[in-house]
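To start, the structure itself, in structure tokens.
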Amino acid sequence: MAERAAIVTGASRGIGLALAEELAENGYAVTITARRPEGLERTAQALRERGFDIEHLAGNMNDEAAIREVVARHRERFGRLDVLVNNAGVGIGAPAHQHQTKFVDLQLAVNLRAIVLFYRECAELLRAAGAEHRAALVVNLASIAGKSPQPWLSVYSATKAAVVAYTQAMNKELNGDGIKSVAFCPGFVDTDMSDFVKASIPAEEMLRPSDIVEALRFVLRVSPACVIPEIVFQRRGETL
Ligand SMILES: NC(=O)c1ccc[n+]([C@@H]2O[C@H](COP(=O)([O-])OP(=O)(O)OC[C@H]3O[C@@H](n4cnc5c(N)ncnc54)[C@H](OP(=O)(O)O)[C@@H]3O)[C@@H](O)[C@H]2O)c1
């Protein structure tokens, strides 16, 4: 059995990939998942070539069966779970009078429902790790939009505010079992997801995936008694 193991969703690129790399570099066996098989396969292969212990399984996080399958595969391969990173997310902007139901449902499912289902499916493994070292960790990718909801990105903002709320509830419910949760709330990060805004906010003025990695290092290093419920990352000049 691996000494430490993690699951990272949305890990084929962007923030999820950076967090998966950080965990792998620190000796974690990591299951990575993303929606499209080709990109995920390439990423998994590149990580294995660096000597990391990687399982991968593609699946759409709006699909309950896919979530169950990812967790089952992880359990079968690694037998333990110390860190769960709920990173996969999708943002689709629209004004209030033009929301398409399918996009409302997709954002609710991927950004929020998947997190609830991952906690449920991973509960037993996380409890076992928490009983062992009192520092099992769940990282939930929220957004600064969850702290300061935005027009046009209103549904996305609402899902991310819900992620912050769910994280708080999980701390109240699970800290006693040695399971800590943190909501990361970044402003724009230079990834594919923020491409739509790069005409007005240049990439070099955005946060970097490495900034989010620094936060992961921090929350992993604090003592088991120390719970960090959320971290807000503002871009210089940005206010809530
Ligand atoms: N970038 C930002 O400015 C920013 C700011 C605040 C918060 N965030 C949050 O940070 C997280 C990661 O964002 P990012 O910028 O790294 O995004 P990204 O570059 O667009 O990457 C998204 C990742 O999630 C996966 N994914 C997307 N939809 C999925 C689905 N339905 N099922 C399974 N996997 C899916 C993608 O897989 P495929 O490649 O297969 O599509 C990819 O691996 C998200 O939750 C996002 O809301 C981002």
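Just so it is clear, none of the values below were taken in a lab; they were calculated from the coordinates. The structure presented is a predicted model; accordingly, all values stated were derived computationally and were not measured. So basically every Cβ, Gly included, is an ideal-geometry build from the backbone, and we count neighbours across all protein chains shown.
Scanning region 171-181 for residues that are part of a helix (DSSP H, G or I) and under 15 Å from the mean Cα position of the chain (by Cα) yields nothing. Answer yes if at least one residue in region 27-42 is free of Cβ contacts under 8 Å to residues at least 24 places away in the same chain, more than 24 Å from VAL163 (Cα to Cα) and not in a helix (DSSP H, G or I), and no otherwise. Within region 27-42, none of the residues are free of Cβ contacts under 8 Å to residues at least 24 places away in the same chain, more than 24 Å from VAL163 (Cα to Cα) and not in a helix (DSSP H, G or I). No other residue among ILE179, ILE212, ILE201 is surrounded by fewer than 23 Cβ atoms within 10 Å (Cβ to Cβ), of a type in the set (Val, Ile, Thr) and at negative phi apart from ILE201. With respect to the conditions (1) assigned to a helix (DSSP H, G or I); (2) of a type in the set (A, V, I, L, M); (3) near the ligand (Cβ under 10 Å from one of its atoms), ALA65 falls short on a single one, namely (3).
If we keep just the residues of region 112-157 that are among the small types (Gly, Ala, Ser) and surrounded by fewer than 18 Cβ atoms within 10 Å (Cβ to Cβ), which is nearest to the chain's Cα centre (by Cα)? Write out each step before concluding.
Step one: of region 112-157, the residues among the small types (Gly, Ala, Ser) are 114, 123, 128-131, 135-136, 142-143, 145-146, 148, 154, 157.
Still in the running and surrounded by fewer than 18 Cβ atoms within 10 Å (Cβ to Cβ): 123, 128, 131, 148, 154.
On the way: ALA123: 16, ALA128: 21, ALA131: 23, SER148: 19, SER154: 20 Å.
Filtering first and then ranking leaves ALA123.
Identify all residues within region 12-32 that are more than 16 Å from the ligand (Cβ to nearest atom), of a type in the set (Gly, Ala, Ser) and at negative phi; write none if there are none. The one that is more than 16 Å from the ligand (Cβ to nearest atom), of a type in the set (Gly, Ala, Ser) and at negative phi: ALA29. Of the residues making up region 195-227, those that are of a type in the set (Gly, Ala, Ser) and more than 20 Å from VAL8 (Cα to Cα) are ALA199, SER200, ALA203, SER223, ALA225. Can you confirm whether region 182-196 contains a residue that is more than 18 Å from the chain's Cα centre (by Cα) and away from the ligand (no atom under 12 Å from the Cβ)? No, that holds for no residue. If you check PHE184 against the conditions, is it assigned to a strand (DSSP E or B) and within 16 Å of GLY91 (Cβ to Cβ)? So PHE184 fits the description; yes. In this structure, VAL163 does not qualify as touching a His at 6+ places or on another chain (Cβ under 9 Å) and within 26 Å of ALA109 (Cβ to Cβ).
So that you can scan it fast, the table gives a plain yes or no per residue for (1) away from the ligand (no atom under 16 Å from the Cβ); (2) more than 24 Å from GLU21 (Cα to Cα); (3) among the aliphatic types (A, V, I, L, M):
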position: GLU76; (1), (2), (3): yes, no, no
position: ILE92; (1), (2), (3): no, yes, yes
position: ALA96; (1), (2), (3): yes, yes, yes
position: VAL104; (1), (2), (3): no, yes, yes
position: ARG127; (1), (2), (3): yes, yes, no
position: GLU132; (1), (2), (3): yes, yes, no
position: LEU141; (1), (2), (3): no, no, yes
position: LYS172; (1), (2), (3): yes, yes, no
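Among the candidates ARG35, ARG80, ARG50, the residue that is within 12 Å of the ligand (Cβ to nearest atom) and at negative phi is uniquely ARG35. Examine region 140-159 for a residue that is in a strand (DSSP E or B), touching a strand residue (DSSP E or B) at 6+ places or on another chain (Cβ under 9 Å), in contact (Cβ under 8 Å) with a residue 24 or more places away in the chain and of a type outside the set (Lys, Arg), and state whether such a residue exists. Yes, some residue in region 140-159 is in a strand (DSSP E or B), touching a strand residue (DSSP E or B) at 6+ places or on another chain (Cβ under 9 Å), in contact (Cβ under 8 Å) with a residue 24 or more places away in the chain and of a type outside the set (Lys, Arg).
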